[in-house]
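Engineer: My structure is below; once you've seen it, I'll send some questions.
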Amino acid sequence: MWQPNILGIKSLRGNKLVSAYMIVCGVAFMMFGYDQAVLGALSSNPSLLHHMGTTNPLIVGCIVAIFSIGAIFGSIVTLLIGYLIGCCLLVVGAALQAASFILGQMIAGRLIASFGVGFISCTIPLLASEIARPNRRGILIAALFTLAVLGIVVADWMIFGLLTNTTNPELIWRFPVAFQSFFGIFTAVCTRNSDEGTLTELSRQATIFFLPESPRWLYAQGHIEAANNVLARVYDEPENSELVQATYAALKAEVDDEERREDKGFALFAQCFKAMFWDTTDLQLGRRLRLCFLIMMLQEMSGLNVIVPYTNTLFGIDLKFSATRSIMVASIIQVAWAVFTTCGMLTIERWGRRPTLMLGTVICTLGMIGFTVSIAIGTESAGWAGMIMLIIFFFGFAFGMLPMSWLYPSEILPLHMRHVGLGVAGITTWLFTFLTVFTGPISFTATGYKIFILYIIFNALAFPYAYFLMVETKNMTLEEINLAFSPVAAASILGAQEIVRRDVEKDEMVGQVTEKER
């Protein structure tokens, strides 16, 4: 497999190579956050509504929420084939939206762009989790979501800046919508060539930024030499080192075991669908897929996807803020949220997945209760209190639920089903995103503050999910996590993991010594 050495990418090793992966993955996740937020923040823009020919809240909610429908189909395709494509679709979709003069053109562009985002949202966490060391996987995934929130911040502050510094009404919404394409172009800057010649192989080889494939996928496809080379570069070890060879032995044993079980294409989809409801296999696929579904449902029903796109509406109508003050408050809240996402990076590996999620969901529940009370009072002074309670909610969400909801599905599925776990997570998140975003304007009008009582309940339900259902995966390799769910595995996996475990512990000890020397 040929790979160009642009900017010295082929010579990168160790932390530098992992950092290169994370930069490109991070830009892709900034796109993920930006795309979700930008049109919601513009949903009350007079020029946009004039060109769409409507101010009906049902249709406006449909324009914003239709993004989730395309993303659902993108996630389904990812579940079936599991390959990273979609950036080109996003660029085309952004161009259509930015050039829109009628409602149909905007909806078409929104659907095309969201189809691409559906691919990206499912595959980027998978790639990041597979190239990370066990003791750093949670930190890296949490860092991705810091950048996803940063994408929302960029959208809000860009719109705020245009509102306060330009008199061109069309520029205020056309430029932010067109800016979506920047992230897609950067992420899909180049493709690799393949000698295999099959559509499947060529699809997978359309990878990002000249970076090599994940070693686990290469092992699964039989590219042993290439996989060992990538793994040696990620670990910054010689290819014949004990660590690389032990990891190869562990992965080979797992791949050999899974090849005897693996279905492909629609058969794999059918197996997953059946396992969600009835599963007697020793791999416990049904349990794992249900865990993926539940954590994503709880995240999307926390109220986040009503608050983020409609913050301007909530503060402008329900809390009596002016239009400029509403978007300024929304922008401040998003900045605070972006800062808070770094807190999960500090605790997710030290405390573990379960404690982090349990504490985060308690904070979310208290913040949502306070915000609901502020909405119920409905005065301007209550609005400032509501802003503080929203900041508390976002702290808990960024600390616990946000990184966990994407990290956990990328960890708990076996190798050949890992993209399926992200596919299930993606379908679930986009399905419930559509439900909450589409019904947002309608529910505000019909029930007022009472709709937020539903979100309080779902925030509270995340605590028993973490306490009773989750399996702790802190500091475990992906292969060890597979063993934690399924005791049926090759004995060689266990032996090889001891070597990997010793290397992780050695790495941590070296870091502690270095810190003391400082």
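Engineer: Taking into account only those residues within segment 381-427 that are of a type in the set (Val, Ile, Thr) and modelled with pLDDT of 85 or more, which is surrounded by the most Cβ atoms within 10 Å (Cβ to Cβ)?
Structural biologist: From segment 381-427, those of a type in the set (Val, Ile, Thr) are 388, 391-392, 412, 420, 424, 427; that's our starting set.
Narrowing further to those that are modelled with pLDDT of 85 or more: 388, 391-392, 412.
On the way: Ile388: 14, Ile391: 17, Ile392: 19, Ile412: 25.
Only one residue fits best here, namely Ile412.
Engineer: Tell me yes or no: at least one residue of segment 287-302 is at pLDDT 75 or above, part of a loop (DSSP other than H, G, I, E, B) and either buried (at least 19 other Cβ atoms within 10 Å of the Cβ) or within 21 Å of the chain's Cα centre (by Cα) (or both).
Structural biologist: yes
Engineer: Here is a further query. Assess whether Thr341 counts as being surrounded by fewer than 20 Cβ atoms within 10 Å (Cβ to Cβ), in contact with a helix residue (DSSP H, G or I) (Cβ under 9 Å, 6 or more places away or on another chain) and modelled with pLDDT under 80.
Structural biologist: Details: surrounded by fewer than 20 Cβ atoms within 10 Å (Cβ to Cβ): no; in contact with a helix residue (DSSP H, G or I) (Cβ under 9 Å, 6 or more places away or on another chain): yes; modelled with pLDDT under 80: yes.
So Thr341 fails the test.
Engineer: Could you say which residue among Gly14, Gly26 is within 24 Å of Ala178 (Cα to Cα) and either out of contact with any strand residue (DSSP E or B) (no Cβ under 6 Å at 6 or more places or on another chain) or acidic (Asp, Glu) (or both)? Give the derivation first.
Structural biologist: Numbers: Gly14 fails: within 24 Å of Ala178 (Cα to Cα).
Of the residues listed, the single one that is within 24 Å of Ala178 (Cα to Cα) and either out of contact with any strand residue (DSSP E or B) (no Cβ under 6 Å at 6 or more places or on another chain) or acidic (Asp, Glu) (or both) is Gly26.
Engineer: Conditions first: (1) of a type outside the set (Gly, Ala, Ser); (2) more than 22 Å from Met297 (Cα to Cα); (3) surrounded by fewer than 20 Cβ atoms within 10 Å (Cβ to Cβ). Ile375 passes all but one, so which condition is the exception?
Structural biologist: Unmet for Ile375, out of (1) of a type outside the set (Gly, Ala, Ser); (2) more than 22 Å from Met297 (Cα to Cα); (3) surrounded by fewer than 20 Cβ atoms within 10 Å (Cβ to Cβ): (3).
Engineer: Here is a further query. Please go through segment 116-172 and pick out each residue that is part of a helix (DSSP H, G or I) and among the polar types (S, T, N, Q). Break it down stepwise before answering.
Structural biologist: Step one: list which residues in segment 116-172 are part of a helix (DSSP H, G or I), which gives 116-131, 137-165, 169-172.
Passing the criteria: Ser121, Thr123, Ser129, Thr146, Thr164, Asn165.
Engineer: Right, another one. Assuming Asn459 fulfils every condition listed in (1) surrounded by fewer than 24 Cβ atoms within 10 Å (Cβ to Cβ); (2) polar (S, T, N, Q); (3) touching a helix residue (DSSP H, G or I) at 6+ places or on another chain (Cβ under 8 Å) apart from one, which condition is it?
Structural biologist: (1)
Engineer: Counting residues that are over 22 Å from the mean Cα position of the chain (by Cα), which helices (runs of 4 or more DSSP H) fully inside segment 329-425 reach at least 1? Give the steps one after another, and end with the answer.
Structural biologist: Values: elements: 353-377, 380-396, 402-412.
So the answer is 353-377, 380-396.
Engineer: Which of the residues spanning segment 19-46 are crowded, with 24+ Cβ neighbours inside 10 Å and of a type in the set (Val, Ile, Thr)?
Structural biologist: Val38
Engineer: So the check is Cβ under 8 Å with 6+ separation or different chains; which pairs have a first residue in segment 86-103 that's acidic (Asp, Glu) and surrounded by fewer than 23 Cβ atoms within 10 Å (Cβ to Cβ) and a second one that's at pLDDT 70 or above and in a helix (DSSP H, G or I)?
Structural biologist: Taking only residues 6 or more apart or on different chains, not a single pair turns up.
Engineer: Could you pull out the residue among Val504, Val500, Val471 that is of a type in the set (A, V, I, L, M, F, W, C), at pLDDT 85 or above and over 30 Å from Ile63 (Cα atoms)? Show your work before the answer.
Structural biologist: Values: Val504 fails: at pLDDT 85 or above; Val500 fails: at pLDDT 85 or above.
Exactly one of Val504, Val500, Val471 is of a type in the set (A, V, I, L, M, F, W, C), at pLDDT 85 or above and over 30 Å from Ile63 (Cα atoms), namely Val471.
Engineer: Also, quick follow-up: Given Pro238, Pro309, which one is within 30 Å of Ile363 (Cα to Cα) and either modelled with pLDDT of 85 or more or in contact with a Gly (Cβ under 6 Å, 6 or more places away or on another chain) (or both)? First the steps, then the outcome.
Structural biologist: Values: Pro238 fails: within 30 Å of Ile363 (Cα to Cα).
That would be Pro309, the only listed residue that is within 30 Å of Ile363 (Cα to Cα) and either modelled with pLDDT of 85 or more or in contact with a Gly (Cβ under 6 Å, 6 or more places away or on another chain) (or both).
Engineer: Please work out if Lys474 is more than 21 Å from Ala148 (Cβ to Cβ), of a type outside the set (Asp, Glu) and not in a helix (DSSP H, G or I).
Structural biologist: yes
Engineer: So if I check each of Val77, Val92, which one is closer than 23 Å to Ser181 by Cβ, at pLDDT 75 or above and within 23 Å of the chain's Cα centre (by Cα)?
Structural biologist: Val92
Engineer: Restricting the search to segment 452-478, which residues are under 17 Å from Ile307 (Cα atoms) and in contact (Cβ under 8 Å) with a residue 40 or more places away in the chain? Before you say what the answer is, go through the steps one by one.
Structural biologist: Initial filter on segment 452-478 (under 17 Å from Ile307 (Cα atoms)): 452-459.
Scanning segment 452-478 gives Phe452, Ile453, Leu454, Tyr455, Ile456, Phe458, Asn459.
The values are calculated or read from the model by the stated rules, or taken from the named source; none is laboratory data. Source: prediction; values computed, not measured. Virtual Cβ from ideal backbone geometry, glycine too; neighbours counted across all protein chains shown.
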